[in-house]
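The values are calculated or read from the model by the stated rules, or taken from the named source; none is laboratory data. Because the structure is a prediction, the values reported are computed rather than measured. Here the Cβ positions follow ideal geometry from the backbone for every residue, glycine too, while neighbour counts run over all protein chains shown. These accessible areas exclude ligands, DNA and RNA; they are computed on the full protein's heavy atoms, side chains included. Shrake-Rupley method; radii C 1.70, N 1.55, O 1.52, S 1.80 Å.
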Amino acid sequence: MFTLQIPPMIRLLVQMILPAILVTFVACNAPPVPLDDIVIEKTFTPERCDRMVKSGDFVRYHYIGMFPDGKKFDSSYDRGTTYNVFVGRKQLIAGMDKALVGMCVNERWMIKIPPQLAYGKDGYGDIIPPDSILHFDVLMLDIWNTEDKVQIKTYHKPESCVRTVQVSDYVRYHYNGTLLNGTLFDSSHTRLRTYDTYVGIGWLIAGMDQGLLGMCVGEKRIVTMPPFLGYGENGDGERSDIPGQASLVFDVILLDLHNPKDEITVEVQSLPDHCPRKSEVGDFMRYHYNGSLLDGTFFDSSYSRNRTYDTYIGKGYVIAGMDQGLLGVCVGEHRRIVIPPHLAYGEEGTGTKIPGSAVLVFDVHIIDFHNPSDIVEITSVKPEKCIYNAKRGDFVKYHYNATLMDGTYIGSTQTSGKTYDVVLGAGQVVIGMEQGLIGMCVGEKRRLVIPPHLGYGERGVDGEVPGSAVLVFDVVLVDLEEGLPEGYMFVWNSDVSPNLFSEMDKNKDAQVDITEFSDYILQQVKEGKGRLAPGFDPQRIIQNMYDNQDRNKDGQITEDEFKLKADEAASHDEL
């Protein structure tokens with residue numbers, strides 16, 4: 001016995017063509033007049049049919065009523081309103097009650113009804129004669145049932161859903177609103193503005209109050225509701241495009257939700273290995289951030305400006321939620337701060353990028369912070385032997401590596417191989433560095449953390465050090481030369497000659513000029529009899545000493561003008 005094998009493609013074509021042949025057969029072999037029963041010709045069937053009319057359903061449809069010769073006797077279109085009625089409850093002529101069962105929304109049928117299922121032998125006044133066959137061209141627009149509930153179909157859900165809509169939450173969402181047949185009646189998208197409201201407390205129609213519950217931010221869903229959960233029998237009195245007894249379909253995307261009781265939420269994304277201190281009220285902080293709305297819409301970034309946001313925290317210089325969210329952080333920490341609108345920009349927003357009643361999300365990276373009361377923080381590793389500790393006036397030589405608190409490189413002596421040489425107390429480095437070098441031994445290593453008011457202040461150094469930056473110096477003291485007592489630029493290592501003036505006056509003219517003075521001082525230093533303050537230009541020191549002795553400023557020193565330091569007030573830097 002052989003079995004005929006039909007290829008899949010041919011089998012599919014047969015399945016598609018056969019119904020068409022059957023419909024043609026029915027149409028060509030329609031019962032002759034008079035009719036024994038209703039006859040239905042399906043003139044349009046939609047691709048989708050989510051629901052068909054059942055007995056007991058309420059329907060809204062348009063129709064044109066005609067006699068077999070095509071003469072119109074009635075039309076809902078002419079009245080500008082659909083025909084709204086329950087099916088199967090004898091509110092229609094028997095033939096229509098029977099014929100509407102099985103119709104889909106947007107389906108169009110030609111229904112032929114014999115007189116015994118219409119107005120029979122009596123007809124209907126002057127409009128429909130006795131024993132009339134009636135033809136109805138019907139377009140189904142809406143179907144619902146008194147047992148219906150809100151139907152929810154989620155067609156997109158975000159991967160992460162931290163929180164869902166609950167009763168009394170405030171939400172911002174976009175929507176397209178249509179009737180069941182797809183007719184658009186409203187859209188927030190066309191107004192370029194979200195719909196903002198409380199949920200579950202009666203601010204919305206009942207079906208939407210139910211349909212929004214349980215949604216995640218970013219979720220998209222279709223909410224379908226019967227009219228008794230929408231605008232009821234009268235429709236929206238203010239909107240002629242929502243008729244009475246209309247089912248409503250809302251295509252919703254949720255953008256934002258919060259509750260008036262919400263506080264900020266903080267998610268720590270990364271912490272540094274070392275956190276010696278956490279931020280407190282009154283600290284001055286530098287941080288980077290990306291700001292977005294709850295649905296991910298970007299509104300601002302410090303990175304795009306290539307500059308940190310610098311402010312005091314906990315003192316009202318920033319929005320309340322950020323003031324709270326920046327407390328207790330470590331330098332180098334990354335955290336996400338989610339701020340409800342009542343702790344951000346409130347109902348008004350900013351008028352531009354941040355809409356009213358918007359929840360804000362800040363992804364923050366803490367660069368540094370300090371307090372105006374901070375001092376230099378010193379961490380030291382001393383050598384085994386520490387014979388002498390550096391003090392003011394000493395000439396010190398050191399190597400350093402300098403960074404910001406986040407590790408950003410500023411500078412280093414390692415690149416040149418030369419030490420950095422300064423006189424302590426002479427104002428040649430920032431105050432914090434001077435304080436950090438005091439007390440060091442040769443060979444000692446120190447880490448100095450210098451707050452900006454002891455560093456480069458609010459202005460910083462253009463192109464090198466940002467304003468209000470905390471500085472970190474890793475320092476090694478390589479060498480030092482002991483300085484002179486404070487106020488002295490030259491000291492004697494031995495007893496002072498009683499003939500000091502005459503020894504300087506080489507040409508014996510009873511006057512000492514700058515050359516004689518300079519030659520004499522340099523000779524004393526060379527022979528080890530005296531010492532100039534280290535770290536300064538010897539000629540400038542000598543010129544300063546000479547100017548102090550030249551009382552009348554005539555360019556010569558006489559014996560009457562010449563005096564030793566011991567004979568002068570302590571404010572003069574001279575012999």
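With a 1.4 Å probe and all protein chains kept in place, how do Y398, Y170 rank by accessible area, largest first? Show your work: numbers first, answer last.
On the way: Y398 5, Y170 35 Å².
From most accessible down to least: Y170, Y398.
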Expected sort for 245-258, 46-59 on mean C-beta neighbours within 10 Å, highest first, is 245-258, 46-59
For region 148-155, in order, what is each residue's ³J(HN,Hα) by Karplus, 6.51 cos²θ - 1.76 cosθ + 1.60 with θ = phi - 60°, in whole Hz (x at glycine and Pro)?
-> 5, 10, 5, 9, 10, 10, 8, 10
Can you find, among G417, G230, I93, the residue farthest towards the positive end of the dipole of the chain? Put +1 on the C-beta of Lys and Arg, -1 on that of Asp and Glu.
-> I93
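How much FRET efficiency would the formula 1/(1 + (r/R0)^6) give for N371 and E159, where r is the Cβ-Cβ distance and R0 is 45 Å, rounded to 0.05?
In this case the efficiency is close to 0.65.
Using a 1.4 Å probe, what is the accessible area per residue for the chain, in Å²?
Details: 31490 Å² over 575 residues.
Per residue, the chain has 55 Å² of solvent-accessible surface.
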Can you give the accessible area of D131, probe radius 1.4 Å, in Å² rounded to 10?
-> 90 Å²
Cut-off 11 Å between beta-carbons: net charge of the residues surrounding L257, Lys and Arg +1, Asp and Glu -1 = -4
Using a 1.4 angstrom probe with every protein chain in place, what is the largest-first accessible-area order of K112, K526?
-> K526, K112
Computed helical MRE - 222 nm, the chain, DSSP H runs ≥ 4 contributing -39500 (n - 2.57), nearest 500 | -4000 deg cm²/dmol
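With +1 on each Lys and Arg Cβ and -1 on each Asp and Glu Cβ, how big is the dipole of region 490-562 about its Cα centre, in debye rounded to the nearest 20? Before the final figure, lay out the partial values.
Working: 8 positive and 15 negative charges, 71 e Å.
The dipole magnitude comes to about 340 debye.
Kindly sort D78, D122 by accessible area of their heavy atoms, largest first, with the probe set to 1.4 Å.
Ranked from most to least accessible, the order is D122, D78.
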Rounded to whole Hz, the Karplus (6.51, -1.76, 1.60) HN-Hα couplings of region 187-200, x for glycine and proline = 7, 6, 4, 5, 8, 6, 8, 5, 8, 10, 6, 7, 10, x
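Specify whether the C-alpha gyration tensor of region 377-481 places it in the rounded, prolate or oblate class, a ≥ b ≥ c being the square roots of the eigenvalues: rounded for a/c under 1.5, otherwise prolate if a/b is larger than b/c and oblate if not. Kindly include the intermediate steps, with their values, before the conclusion.
Values: a/c = 1.78, a/b = 1.62, b/c = 1.10.
Verdict is prolate for region 377-481.
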Dipole size in debye (nearest 20) for the chain around its Cα centre, Lys and Arg Cβ +1, Asp and Glu Cβ -1?
-> 3080 debye
Work out which helices of the chain, taken as complete DSSP H runs, extend at least 24 Å along their axis over the Cα atoms and score a mean Kyte-Doolittle of 0.0 or more, then list them.
-> 8-28
Semi-axes of region 422-575's equivalent ellipsoid from the Cα gyration tensor, sqrt of 5 times each eigenvalue, largest first, rounded to whole Å?
-> 40, 18, 12
For region 151-258, restrict the atom set to alpha-carbon positions and state the Rg and Dmax in Å.
-> 13.3, 41
Mind grabbing the accessible area of I143 for me, 1.4 Å probe, Å², rounded to tens?
-> 0 Å²
Give the Rg (one decimal place) followed by the Dmax (whole number) of region 490-562, computed from C-alpha coordinates and expressed in Å.
-> 11.9, 34
Between (1) 1.04; (2) 0.95; (3) 1.40, the structure-derived Rg/Rh (Cα atoms, Kirkwood Rh) is (3)
How much of the accessible area of the chain, in percent, comes from carbon and sulfur atoms when a 1.4 Å probe is used?
-> 52 percent
Where only C-alpha atoms are counted, convex hull volume of region 39-144 per residue in Å³ = 95 Å³
Heavy atoms of W203: accessible area, 1.4 Å probe, square angstrom to 10 = 150 Å²
If we restrict to alpha carbons, what Rg and Dmax does region 259-371 come to, in Å?
-> 13.6, 41
What are the ³J(HN,Hα) values, in whole Hz, obtained from phi via the Karplus relation 6.51 cos²θ - 1.76 cosθ + 1.60 with θ = phi - 60°, for each residue of region 218-223 in sequence order, with x given for Gly and Pro?
-> x, 6, 10, 8, 9, 10
Aspartates and glutamates near K157 by alpha-carbon distance under 18 Å, same-chain residues fewer than 8 away left out - which ones?
-> E219, D251, D256, D295
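Computed over the Cα atoms of region 324-436, what is the convex hull's projected area averaged over all directions, in nm²?
11.7 nm²
Are there trypsin sites (Lys or Arg not before Pro) in region 443-506 that DSSP puts in a loop and that have at most 16 other Cβ atoms within 10 Å, and which ones? Show your work: numbers first, answer last.
Working: sites: K445, R446, R447, R459, K506; in loops: R459, K506.
Taking region 443-506 and a limit of 16 other Cβ atoms within 10 Å, the loop trypsin sites (Lys or Arg not before Pro) found are R459, K506.
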Please list, in chain and number order, the residues 5+ apart from G88 or on another chain whose amide H is under 5 Å from its amide H, with Hs placed from the backbone.
-> G56
Ranked packing of 205-212, 475-482, most packed first, by mean Cβ within 10 Å | 205-212, 475-482
Amide H neighbours of E333 under 5 Å, at least 5 residues apart or on other chains, H built in the peptide plane: list them.
-> I366
